[in-house]
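One structure is given below, encoded as structure tokens.
Please treat every number below as a calculation from the coordinates, not as lab data. Computed from a predicted model, the values in this text were never measured in an experiment. When we count neighbours, we look across all protein chains shown, and the Cβ atoms used for this are built from the backbone with ideal geometry, even at glycine.
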Amino acid sequence: MRAYVRYSLSLARLVCGLSRLMPLIDVAALTHLGWDTVKQIVKADLAVRYKDISLKKVKRIAIDEIHIGAKAKFYIIASSESS
């Protein structure tokens, strides 16, 4: 059960869907929400979706952020040791 929030469930679904396709700052601009609100929505969704994942066998992951373009376009690349 989710705690009391000041946005609808359909807005949360929209934000989570968009966050899989674009950076959070772009989602915030598109939905006219604050970046911190978008981050809060996505963080709550990730906590629910990934609460039961076991990380016991994970040894290493690589995360890198690259900058593309002039208007703060960043992309995050994550990979495991085997790829």
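Listed values, structure above:
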| read-out | value |
| --- | --- |
| Subset tally (residues that are of a type in the set (A, V, I, L, M, F, W, C) and either touching an Asp or Glu at 6+ places or on another chain (Cβ under 8 Å) or farther than 10 Å from Val15 by Cβ (or both)) for segment 30-43 | 1 |
| Single residue of Ser79, Ser54 found to be hydroxyl-bearing (Ser, Thr, Tyr), assigned to a loop (DSSP other than H, G, I, E, B) and more than 22 Å from Tyr7 (Cα to Cα) | Ser54 |
| Residues being of a type in the set (D, E, K, R) and either within 12 Å of the chain's Cα centre (by Cα) or under 17 Å from Ser8 (Cα atoms) (or both) - total across segment 44-56 | 2 |
| All positions within segment 32-52 that are surrounded by 15 or more Cβ atoms within 10 Å (Cβ to Cβ) and farther than 18 Å from Lys73 by Cα | Leu33, Thr37, Gln40, Ile41, Val42, Ala44, Asp45 |
| Boolean, Ala28 is free of Cβ contacts under 8 Å to residues at least 12 places away in the same chain, under 15 Å from the mean Cα position of the chain (by Cα), surrounded by 10 or more Cβ atoms within 10 Å (Cβ to Cβ) and at negative phi | yes |
